[in-house]
Amino acid sequence: MIKSFELEKKVISGILQHQEAWGQVSNILTDEDFYFEDSKVNVTIFRMLKSALDNAESIDETILIYRVKQLGMTFPDSIDITDYIQNLTFMKVTADNFLSSVRELKKVSIRREGFNISEKLQRYVKKADPSMPYNQLVDGMDKIYNDGVSAFEMGDEKLVNLADIAEQIVEDRGDNPPEEVGLMGPYQTLNKIYGSLVRAGNITCVAARAKVGKTSLLIDMLLKISYEHGVPILHFDNGEMSEEELVFRMVSGASGIPVHLLESGKWRHTAYKDWTAQEVVERVRNVWDKMKKIKILYHNVAGMSSDEMCSLLKRYYYSDVGRGNPLIFSFDYLKTDFGNLDKGAGWAFVGKTLHDFKQLISRELKFDGNPCVAMVTSVQTNRLGITNNRDSDSIVEDESVIGLSDNIIQFVSHLFLLRKKTIDERVTEGDHFGTHKLICLAARHLGEDAFGHLEPVEDVEGNNRNNFVNLHFSNFNVEDRGDLRDIVRNSRGEDIFVNDEAQDSGLPAGFN
């Protein structure tokens, strides 16, 4: 078997002697890098060191010896664990040699992993049914390969002079212009102003008060993108929504039939609006063919750490999506670690979660140097974001409503505030301009209509206001109803087109 017992010892010795360098290798080294079929001594010591250093705990050979002995394990060849660990501390390993040794050990484990994968492939091919179609055979082989290959990011890229590569990048893009940068969503006003909200390697976040509709908006957007572009969705739920709840909302949005009729089973024999009971049944059953074009993978991650969630995301990506293929990762939603609020760690938990996700989708899940996974998430605003029983003049619409963590603004590419329109806004603007406002608080990327975000809009009273997008929510279906400029033009008597009939068409945008 491919292994190097001495190299493993050198790496463990380096960890003991250079604990300040653990952060540089903690996301690289795993238990699998230590061969333990012959002896578990090295992997046991590594696990003890990793546990301590991951918790920011300093550890020396005395503590390490004690903890290993407490396990009550015996090792082959009558290894005396006290002598073994003390000898590790006597090895001369410089900081540079330590990092080099980690890289070499990783090469050994990658070779070993490749050997193991090849054996699995051989067994699969030998046992495969001769009548199996060739594409099914290839898919099976590819799944074995992707299941076994781990992301390998050493973080030793060479520095690049951006000025040297600017001409090549821009000229190449001119020679080979993409049809679109990122996947465009179902809301045309958002597409024009902000471009794609699901760019690989980027995070889009929607902030709103509870029960306003942030989950409904993201699920509607992602289902329609998946339907239009054939891209799978991986949805991590943070303990708020069950599979069944999301299914009923999805079907309600796609069919136009209220959730209560679906949940109660009364959709089989109840008329709704102008539709007969038979027409309601037909609308629901027409959804099934649409759903065959969508892939949304669900997992409840309540109680998981960011490290556990990142590991799960990585595993799902390689096994169910495939290396190099696009994926939209949906995380509902960012919230504090309530078990540590008294220690002040709740806010840091949010920052670490976003940091870990950002590093994973922008640096690790890459193919040919390009990221493959886009992320969307949501967060609850603080009490400054309350709009109930207020008029439009008393509502706060800036970053101060995002009180959970400043890291949210730091790591996301787009940050939106979603709120219901107030009664005075609905009266003044008219119902055809929708039920909700979507206000962009931060944007790293803009679309062809960039001035829609950058320039203030002069309203009918001559006041300059920040632009916003109108959305209409109906039975968990969300529609684009233009922006503030359309409201102003409408107030001045100009002819504008606002899609205020789609809610009754039975063909929500993106599901046509």
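The values are calculated or read from the model by the stated rules, or taken from the named source; none is laboratory data. What you see is a predicted model; the values in this text were computed from it and never measured. Please note: Cβ atoms are built from the backbone with ideal geometry, for glycine as well, and neighbour counts cover all protein chains shown.
One residue stands out in segment 338-366 among those that are of a type in the set (G, A, S) and either within 15 Å of D307 (Cβ to Cβ) or modelled with pLDDT under 80 (or both): the one that is surrounded by the fewest Cβ atoms within 10 Å (Cβ to Cβ), namely G344. Annotation note: Cβ proximity below 7 Å between a residue of segment 469-484 that is farther than 23 Å from R283 by Cβ and a residue that is of a type in the set (K, R) and assigned to a strand (DSSP E or B) (sequence gap 6+ or interchain) occurs for N470/K437; N470/R481; L484/R465.
When V138 is tested against (1) modelled with pLDDT under 90; (2) among the β-branched types (V, I, T); (3) under 27 Å from F411 (Cα atoms), just one condition goes unmet, and that condition is (3).
Does segment 307-325 contain at least one residue that is in contact (Cβ under 8 Å) with a residue 24 or more places away in the chain, more than 14 Å from V373 (Cα to Cα), touching a Ser or Thr at 6+ places or on another chain (Cβ under 6 Å) and surrounded by 17 or more Cβ atoms within 10 Å (Cβ to Cβ)? Within segment 307-325, not a single residue is in contact (Cβ under 8 Å) with a residue 24 or more places away in the chain, more than 14 Å from V373 (Cα to Cα), touching a Ser or Thr at 6+ places or on another chain (Cβ under 6 Å) and surrounded by 17 or more Cβ atoms within 10 Å (Cβ to Cβ). The set of residues in segment 419-429 being surrounded by 14 or more Cβ atoms within 10 Å (Cβ to Cβ) and more than 24 Å from T215 (Cα to Cα) consists of T428, E429. Can you work out which of the residues in segment 149-194 that are of a type in the set (G, A, S) and closer than 24 Å to R323 by Cα is modelled with the highest pLDDT? Of everything passing the filter in segment 149-194, G185 is modelled with the highest pLDDT.
For residues that are touching a residue at least 12 places away in the same chain (Cβ under 8 Å) and outside any strand (DSSP E or B), scanning just segment 198-212, find the one that is nearest to Y187 (Cα to Cα). Checking each candidate, the answer is R199.
Yes or no: segment 430-441 includes at least one residue that is at pLDDT below 90 and surrounded by 18 or more Cβ atoms within 10 Å (Cβ to Cβ). Within segment 430-441, not a single residue is at pLDDT below 90 and surrounded by 18 or more Cβ atoms within 10 Å (Cβ to Cβ). Applying the criterion of being over 18 Å from V247 (Cβ atoms) and of a type in the set (D, E) to the residues of segment 264-316, the residue that is farthest from the chain's Cα centre (by Cα) is D274. Considering segment 233-245, the residues that are surrounded by fewer than 20 Cβ atoms within 10 Å (Cβ to Cβ) and at negative phi include one that is modelled with the lowest pLDDT, namely E240. Among the residues of segment 350-370, those that are in a loop (DSSP other than H, G, I, E, B) and either of a type in the set (V, I, T) or touching a residue at least 40 places away in the same chain (Cβ under 8 Å) (or both) comprise L365, D368.
A count restricted to segment 367-407 and to residues that are of a type outside the set (S, T, Y) and at pLDDT 85 or above stands at 9. Within this structure, D406 passes the test of being within 18 Å of C205 (Cβ to Cβ), assigned by TED's automatic domain parsing to the domain that holds Y194, charged (D, E, K, R) and without any contact (Cβ under 8 Å) to a residue 60 or more places away in the chain. The number of residues in segment 15-37 being over 22 Å from I65 (Cβ atoms) and without any contact (Cβ under 8 Å) to a residue 60 or more places away in the chain comes to 3. The residues of segment 461-481 that are outside any strand (DSSP E or B) and surrounded by 12 or more Cβ atoms within 10 Å (Cβ to Cβ), listed by number, are N466, N467, F468, N475, F476.
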